[in-house]
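For reference, the structure is listed below as structure tokens.
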Amino acid sequence: MRRRRAFAEKKIHVICDKPLTHRLEDALTLADTVRQSGIVFGLTHNYTGYPMVRQARAMVASGELGKIRVVQVEYPQDWLTTTLEETGQKQAAWRTDPARAGGAGSVGDIGTHAFNLAEFVTGLRCESLAADLTRFAPGRALDDNAHMLLRFAGGGRGMLWSSQVAPGNENGLRLRVYGDKGGLEWLQEEPNTLIFSPFGKPPQRITRGGHGALPVAAHATRIPSGHPEGYLEGFAQLYRDLAEQITARIDKREPDQAALLVPGIEDGLRGMRFITAAVASSERDSAWTKIE
């Protein structure tokens, strides 16, 4: 956190991984510094760089789903089903250590991705949650599974599941959004396809670079349709968009609007508020807890 704040104070642009900090208090301090400095600050929620995720966001924003009623998001993995951290595996060791990972395990690691994706695509803010965080592996210090109910501004309702102890799952980030006119479904392990289901009509399969793909998806597309494009390209898209933002400042011009979709300091702060609320809710027997 000290290094990020030092760069911001020197007005050096920053690209940061998530979660933003270990503690909400540190995130608030860093956010103030970034706002005062006016730098470009990018947060690597790389799934927001996927073409079909941006396509989904544009379709929701244009009203194709109507008023959003239900948001279902999940991110299951299985790699921490056993106490892998006890074997010396580095990724497992730091992700399950409160001193290095902060106050949450699966919630901070992959739950934040699910939460960010839900808000990014729907454009809705989650106002409160009721969370049940669990440590299934014996002796584990942080949660490895979480179930949550979500309440969104405007009356939408949702559910979020993050787990690292679900055998058979690798990186199963999935989002389903339902409005009064239709629904959308996207699966990270099949990232080039978006399923759109208008109410009363057959589902439509929209593919990256294919018929029905919007300009905002084309902006994030590099190779011809039918070829795999996903995880690494998602990071590349964020770096490209942040470079465009920085270059536009140097050239004293307006940046490409599509380049402004990169999560920033406010999204990082949202993620920290989400983690803090989830932990607080679980500690109070899953009581409804406001995120703000």
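The values are calculated or read from the model by the stated rules, or taken from the named source; none is laboratory data. Bear in mind the structure is a predicted one, so any value in this text is a computation, not a measurement. Cβ coordinates were reconstructed from backbone atoms using ideal geometry, including for glycine residues, and neighbour counts include every protein chain displayed.
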Take Leu30 and decide whether it is touching a residue at least 40 places away in the same chain (Cβ under 8 Å), surrounded by 21 or more Cβ atoms within 10 Å (Cβ to Cβ) and assigned to a loop (DSSP other than H, G, I, E, B).
no
Provide a single number: the residues in region 84-121 that are part of a loop (DSSP other than H, G, I, E, B) and either touching a helix residue (DSSP H, G or I) at 6+ places or on another chain (Cβ under 8 Å) or closer than 17 Å to Ile275 by Cβ (or both).
6
Output the qualifying pairs, or none if there are none: Cβ atoms under 6 angstrom, residues six or more apart or on different chains, first residue in region 242-262 and in contact (Cβ under 8 Å) with a residue 12 or more places away in the chain and within 14 Å of His219 (Cα to Cα), second residue of a type in the set (Gly, Ala, Ser) and surrounded by 13 or more Cβ atoms within 10 Å (Cβ to Cβ).
Leu242/Gly42; Glu244/Ala259; Val262/Gly42
Within region 75-97, can one find any residue that is in contact with a strand residue (DSSP E or B) (Cβ under 6 Å, 6 or more places away or on another chain), at pLDDT 95 or above and either within 30 Å of Ser225 (Cα to Cα) or of a type in the set (Lys, Arg) (or both)?
yes
Only residues that are more than 10 Å from Asn192 (Cβ to Cβ) and free of Cβ contacts under 8 Å to residues at least 24 places away in the same chain: list them for region 224-233, please.
Pro224, Leu232
Just checking, which of Glu25, Glu74 is acidic (Asp, Glu) and more than 30 Å from Gly200 (Cβ to Cβ)?
Glu25
Check region 219-227 and report whether any residue there is closer than 24 Å to Gly123 by Cα and of a type outside the set (S, T, N, Q).
yes
Please name all residue pairs, on different chains or six or more residues apart, with Cβ atoms under 7 Å, provided the first residue is in region 263-286 and is modelled with pLDDT of 95 or more and the second residue is β-branched (Val, Ile, Thr) and assigned to a helix (DSSP H, G or I).
Pro263/Thr48; Ile265/Val34; Gly271/Thr112; Phe274/Thr112; Ile275/Val107; Ile275/Thr112; Ala278/Val107
Pick from region 140-153 the residues that are outside any strand (DSSP E or B) and of a type in the set (D, E, K, R): which of them is nearest to Ser281 (Cα to Cα)?
Asp143
Might you check whether a residue that is in contact (Cβ under 8 Å) with a residue 24 or more places away in the chain, touching a Phe, Trp or Tyr at 6+ places or on another chain (Cβ under 9 Å) and farther than 19 Å from Arg57 by Cα occurs anywhere in region 172-187?
yes
Please verify whether region 154-166 includes one or more residues that are part of a loop (DSSP other than H, G, I, E, B), surrounded by 14 or more Cβ atoms within 10 Å (Cβ to Cβ), among the β-branched types (Val, Ile, Thr) and at pLDDT 95 or above.
yes
If the requirement is being surrounded by 18 or more Cβ atoms within 10 Å (Cβ to Cβ) and assigned to a loop (DSSP other than H, G, I, E, B), which of these qualifies: Glu229, Glu189, Glu233, Glu170?
Glu229
So in region 94-153, with the set limited to residues that are over 16 Å from the mean Cα position of the chain (by Cα) and at positive phi, which one is surrounded by the most Cβ atoms within 10 Å (Cβ to Cβ)?
Gly102
Among what's in region 8-27 and is in a helix (DSSP H, G or I) and in contact with a Ser or Thr (Cβ under 9 Å, 6 or more places away or on another chain), pick the residue that is nearest to Gly268 (Cα to Cα).
Ala27
Out of Ser197, Ser281, sole residue that is surrounded by 13 or more Cβ atoms within 10 Å (Cβ to Cβ) and assigned to a helix (DSSP H, G or I)
Ser281
When you check Arg35 against the structure, is it out of contact with any Ser or Thr (no Cβ under 9 Å at 6 or more places or on another chain), basic (Lys, Arg) and over 15 Å from Gly156 (Cβ atoms), yes or no?
yes
Please determine whether any residue of region 126-139 is β-branched (Val, Ile, Thr) and outside any strand (DSSP E or B).
no
